[in-house]
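The values are calculated or read from the model by the stated rules, or taken from the named source; none is laboratory data. Keep in mind that what you see is a predicted model, and the values were worked out from it rather than measured. FYI the Cβ positions are ideal-geometry reconstructions off the backbone, even for glycines, and counts take in every protein chain you see. We work out accessible area using only protein heavy atoms, side chains counted, and drop any ligands, DNA or RNA first. Shrake-Rupley method; radii C 1.70, N 1.55, O 1.52, S 1.80 Å.
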Protein chains: 2
Amino acid sequence: MALPDPARRLLMEHLGRHSLIFSPNLLDTNLVSGQADPALAQAQIVFGQPDPRALLDSPNIEWVHLTSAGYERYDNAPFRKAMLDRGTIVTNSSSVYCEPCAQHALAMMLAFARQLPAALLNQSSSRQWPAATLRADSRLLRQQTVVILGYGHIARRLVELLAPFNLRMIVVRRNVAGDETISALPETRLAEVLPLADHVMNLLPGGEATRHYMDASRFGDMKPSAYFYNIGRGSTVDQAALLEALRAGRIAAAYLDVMDPEPLPPDHPLWSTPNCFITPHTAGGHDDEHLNLVRHFLDRLEEYESGLPLLDRIM
Amino acid sequence: MALPDPARRLLMEHLGRHSLIFSPNLLDTNLVSGQADPALAQAQIVFGQPDPRALLDSPNIEWVHLTSAGYERYDNAPFRKAMLDRGTIVTNSSSVYCEPCAQHALAMMLAFARQLPAALLNQSSSRQWPAATLRADSRLLRQQTVVILGYGHIARRLVELLAPFNLRMIVVRRNVAGDETISALPETRLAEVLPLADHVMNLLPGGEATRHYMDASRFGDMKPSAYFYNIGRGSTVDQAALLEALRAGRIAAAYLDVMDPEPLPPDHPLWSTPNCFITPHTAGGHDDEHLNLVRHFLDRLEEYESGLPLLDRIM
């Protein structure tokens, strides 16, 4: 990923004994993979979004640090095995993105509860004073049930942000570890809790295991008054099923930050579905995003050089 | 105020030895005062928004319970003295409205931080995918300074909701009592803290003492990057000064729930100011609002009959 100047400067100033090789084909986003890159052959440490196949072909690499939280391009058995066999460490940037994503998730929940989209659409059109109807439609985040799909960094932080609200929170994850700070259920029991949810917060990563995880059957398990949110990956939702559930009123509304594909084409029907709201994959964005990515990498570099365990290690 | 059936039923079922006299001229809102009402002469307890002059003329009234949190119509020296002299208790419904208002305030802060209005306006117009610009404009509620004007029930609850965010919070109130849970300053020192604020949250009540409290000079003390919010009363803001500050970029943006007058006329320039967002006095609205008003009154009635101090007593 191409870094803005201040972040690049911070990186260069703190590399110590290391020398820096910039890839010749840097992209402005960390959401797509870079091209194959001859520079990888010379590197011991890679910081960015390197092409997975090129990493497999570069046995000198000791440590790969990804500038994203998601890593489905790398999350497959052959890649994991190759890294394990040759002792290559892989870390990601979860700790940089969990705070903005959790705040984004809460922002969406509160926007629905307080009818902010309806008020804004009134302001941008007829400029009436629909106090009575909007007050009647307003809700409290209190004594409601939030079902959280996935229990990674974002979920843990969201649970902290929601702590002062008087809510029932239930996390559904592949395997319950026993260290969860709220009620946790294995995904085999999802159908039991979806009908209880006032809010279904999808924080699942992408990849084959989660493809179309939220499908027609699962949207059908939700209450007609329930809200659906997606801060994970667009591929985890069967969008045709979601569209149908929204149009038929089988769920109340959706607030989505991730789509499949991205960008979502301007004529995609989800854009114009009245109870569907879309932010264009901005949940992780924040001031100092790039500086924080570099700071996070430099902290890991310190751990690496000191022989300490690396935070956000994924392989 | 006219109560919907379920709330009216709850009230009637729990009045015990009391009998209920409905005013002949009930309104659908609790935001304006009722008319003079002959029923007041018969009543010992009044629940609603009675006309202040009629209360002065009804010496049999022992207790007045207001269905609103604001009470500027009653908040003047002659009225206070008259109630004190004859031993009339006055309570309000602060405890019903502090939760929705605090959640509304946080919703507005997060909407700005996460660029939700810009995303919604994109969705309702060109349906592009402005990920790069919106990410760059997105902010975190972290390591910022929030200046809260007024320290009543809403402020206390907002401080609790903001606790998990890593923010500096400073409350400015008429007189510092010493029991505040965050840094508190007297209003004589407002000019010292306004320049530090990333967020100025106005929770002031109406009335002569707070009229145009936020004026050109105080908006001028704010940073160009700062956000202004109003969940108090519209009269506390000099709207011409606010409009000018917004247009000149002297502050970043405003999110307002209360205006002067209400309804704000459709052609008022604040509606069309790009960095001004308006909800039509909906901050206190929530499901079960009317039931909660009745529940709150019945709890006070229990205290009243038991000779206990009444919660939310204002006079």
Of all residues in region A:129-165, count the ones that are part of a strand (DSSP E or B) and crowded, with 21+ Cβ neighbours inside 10 Å. 4
Check region B:167-174 and report whether any residue there is within 20 Å of the chain's Cα centre (by Cα) and buried (at least 23 other Cβ atoms within 10 Å of the Cβ). yes
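Only one residue in B:207, B:220, B:284 is away from chain A (no Cβ under 14 Å), more than 21 Å from residue B:121 (Cα to Cα) and in contact (Cβ under 8 Å) with a residue 60 or more places away in the chain. Which one?
On the way: B:220 fails: in contact (Cβ under 8 Å) with a residue 60 or more places away in the chain; B:284 fails: away from chain A (no Cβ under 14 Å).
From the options B:207, B:220, B:284, the qualifying one is B:207.
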Quick check on residue A:102: is it in a helix (DSSP H, G or I) and within 7 Å of chain B (Cβ to nearest Cβ)? no
Which residues, counting only those in region B:262-281, are open to solvent by 30 Å² or more (accessible area, probe 1.4 Å), over 15 Å from the mean Cα position of the chain (by Cα) and either more than 7 Å from chain A (Cβ to nearest Cβ) or in contact (Cβ under 8 Å) with a residue 12 or more places away in the chain (or both)? B:263, B:265, B:267, B:268, B:269, B:272, B:274, B:275
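Could you tell me whether region A:294-313 includes any residue that is among the hydroxyl-bearing types (Ser, Thr, Tyr), over 24 Å from residue A:62 (Cβ atoms) and assigned to a helix (DSSP H, G or I)?
Step one: filter region A:294-313 for residues among the hydroxyl-bearing types (Ser, Thr, Tyr), giving A:304, A:306.
Within this subset, residues satisfying the condition of being over 24 Å from residue A:62 (Cβ atoms) are none.
No, every residue in region A:294-313 fails to be among the hydroxyl-bearing types (Ser, Thr, Tyr), over 24 Å from residue A:62 (Cβ atoms) and assigned to a helix (DSSP H, G or I).
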Any residue at all in region A:158-171 that's farther than 25 Å from residue A:93 by Cβ, away from every other protein chain (no Cβ under 14 Å) and touching a residue at least 40 places away in the same chain (Cβ under 8 Å)? no
Residues in region B:207-231 that are over 17 Å from residue B:244 (Cβ atoms) and either at pLDDT 95 or above or not assigned by TED's automatic domain parsing to the domain that holds residue B:141 (or both): how many? 5
How many residues are in contact (Cβ under 8 Å) with a residue 24 or more places away in the chain, facing chain B (nearest Cβ under 7 Å) and either out of contact with any Ser or Thr (no Cβ under 8 Å at 6 or more places or on another chain) or farther than 20 Å from residue A:228 by Cα (or both) when one looks only at region A:129-146? 4
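What do you reckon, is residue A:80 within 14 Å of chain B (Cβ to nearest Cβ), in a helix (DSSP H, G or I) and either over 22 Å from residue A:257 (Cβ atoms) or not aromatic (Phe, Trp, Tyr) (or both)?
Working: within 14 Å of chain B (Cβ to nearest Cβ): no; in a helix (DSSP H, G or I): yes; either over 22 Å from residue A:257 (Cβ atoms) or not aromatic (Phe, Trp, Tyr) (or both): yes.
No: the conditions fail for residue A:80.
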Hey, among the residues in region B:108-128 that are more than 8 Å from every other protein chain (Cβ to nearest Cβ) and buried (at least 23 other Cβ atoms within 10 Å of the Cβ), which one's nearest to residue A:120 (Cα to Cα)? B:112
Out of the residues in region B:24-48 meeting the condition of being open to solvent by 30 Å² or more (accessible area, probe 1.4 Å) and modelled with pLDDT of 80 or more, tell me which one is nearest to the chain's Cα centre (by Cα). B:47
